[in-house]
Amino acid sequence: IRKTQWEMPEDFESVYFSVLGHKRRIWEPPKSNRMVVISPFITDSAIKWLHGFTDEITAVVSRPDELNNLAPETFQDTTKWYTLDEAAESEDGEVTEEHDTLGLHAKAYVFEKGWDTTLVIGSANATAAVLLERKNIEILAELVARKSKVGIDKLLDENGLGQLLTPYVRPEESSIKKDEEEIAAQKALDKAK
C-alpha cells in the first residue's frame, strides 16, 4: 500500500489506509457530527461503540436477518434502518441460482464533520469481532471529500443509494424466533449434506 501510486477518485482530496487486527495501531472512527453504517454483518456492541464517535447515527444499512438479531434497545441509536430492496439483489430482480452471491456485501462507514465527509471502505464488518476484539485482519481505505460534493444526504437520496434501499420494519418477536429456528434447521441440513 505504501509503495503504490494511487489515483484519487473524482471529488476526493486525500486517501489514508488503516489495517485492523494487529496490536501496533488501533483504528478508531473519526469524531463526527453524523454517521452512516453499511455492513452485511452487524452486532449490538459494534453499533454502540460506533455511536460513541458521533453525535448521530443517521442510518444503518444491513441484511434483514442481521437486523432481526439485534436487541430492541439498539434500535434507539437511529430511526433509519434499511435493507437492500429485493430488486437490487440481482441484475434484473429475477431469482438467481442458489449459489449466486445475493444481498448486501459492501462495508462502508460515512462520517460528516464540518465541511468534510470521510468515506471509509474496506473489508471490516460492523461486528464486535472486527471492531472491538480485532480478531480479523481487515484493510480500510479512508477517502476525504467536501460534504458539498460527497455527503450523507446525497448518498441516501433517490439519485444515490436511496433508490436501492427499503426501510426495515422489525418483525414481531415470535416471527424472529421462528426465523431463527428455520435458519438453525437449514444450517443443520446443509451440514448433513
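The values are calculated or read from the model by the stated rules, or taken from the named source; none is laboratory data. These numbers were taken from a predicted model, which means no experiment stands behind them. Glycine also receives a Cβ, built like all others from the backbone with ideal geometry; neighbour counts cover every protein chain displayed. To get the accessible areas, we keep the full protein, side chains included, count just its heavy atoms, and leave off ligands, DNA and RNA. Shrake-Rupley method; radii C 1.70, N 1.55, O 1.52, S 1.80 Å.
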Quickly rank 28-41, 3-16 as a protection proxy: mean count of other C-beta atoms within 10 Å, highest first.
28-41, 3-16
Can you tell me how much longer the chain between D153 and E56 gets when fully stretched, taken as 0.36 nm per residue apart minus their C-alpha distance, in nm with one decimal?
33.6 nm
Any of K147/K187; K3/K149; K80/K135; K107/K191 with alpha carbons more than 32 Å apart? Name them for me.
K147/K187
Rounded to one decimal in nm, the spacing of the 7 Å Cα→Cβ label points at T166 and K135 is 3.0 nm
Set the Förster radius R0 to 45 Å, insert the Cβ-Cβ distance between W115 and I183 as r into 1/(1 + (r/R0)^6), and round the FRET efficiency to 0.05.
0.50
For the chain, what relative contact order do you get, as a whole percent, if you take Cα pairs closer than 8 Å and at least 6 residues apart?
27 percent
At R0 = 25 Å, FRET efficiency that the Cβ-Cβ distance of W27 and R2 yields, to 0.05
0.90
Give the ranking of I47, I139 by solvent-accessible surface, highest area first, calculated with a 1.4 Å probe.
I139, I47
If each Cα of the chain is one equal point scatterer, what is log10 of I(q)/I(0) from the Debye formula at q = 0.12, 0.15, 0.16 Å⁻¹?
-0.67, -1.02, -1.15
Structure-based [θ]222 nm, the chain - -39500 (n - 2.57) summed over DSSP H runs of at least 4, per residue, nearest 500:
-6000 deg cm²/dmol
